[in-house]
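Everything on this sheet refers to the single structure shown next.
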Amino acid sequence: MIYGYARVSTDGQSVAAQVAQLTDAGAVKVFRETASGAQTDRRELARAIKALEAGDTLLVTRLDRLARSTRDLLNTLAQITERGAGFKSLADAWADTTTAHGRLMLTVLGGLAEFERELIRARTSEGKKRAKDRGQHMGRPPKLTQHQRAEAVTRRDKGEETLAEIGRTYNVSPQTIGRL
């Protein structure tokens, strides 16, 4: 069975043209949605994927109707493949998982996306290392100043107050005082 998915970004737009193209291409049922492509939790897309069974095909008019980024596209295609179904874009002939050529193109695209993720991970790691070497603090700023930390440790070591009482004075949790 061929299912269609039509999406527009704003309420002022109409999915009618997409629905007509998908129906002409053989879609038996068309899932329609008004949602930004940047949203990853699109309800009708989830319903369309859930309706797919082995041998079915999900059809869109253009790739940008399905996904906004390469990663989003690959994640969505993985969900479709897990259900044993195929995917086809009317405007993008190479994006057709029902043919060997289309599967090859999407595999190459997936490899490029994975390579890009690895490059980003490496650059991020290098940037963090350089920042640490410069003495930059990573993570959240400390709740207490150096003076407050020293004062709290002294009060804790004297044992006159509980960690909760000391924490209340600085508006922090007892655990924060305990970690000092």
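The values are calculated or read from the model by the stated rules, or taken from the named source; none is laboratory data. For clarity, every value in this text was computed on a predicted model and none was experimentally measured. Please note: Cβ atoms are built from the backbone with ideal geometry, for glycine as well, and neighbour counts cover all protein chains shown.
In this entry, THR76 passes the filter for residues that are in contact (Cβ under 8 Å) with a residue 12 or more places away in the chain and either assigned to a helix (DSSP H, G or I) or of a type in the set (Ser, Thr, Tyr) (or both).
Only a single item in (1) in contact (Cβ under 8 Å) with a residue 12 or more places away in the chain; (2) surrounded by 13 or more Cβ atoms within 10 Å (Cβ to Cβ) is not met by ALA20, and it is number (1). Once the range 24-34 is narrowed to residues that are surrounded by 16 or more Cβ atoms within 10 Å (Cβ to Cβ) and not charged (D, E, K, R), the residue that is modelled with the lowest pLDDT is THR34.
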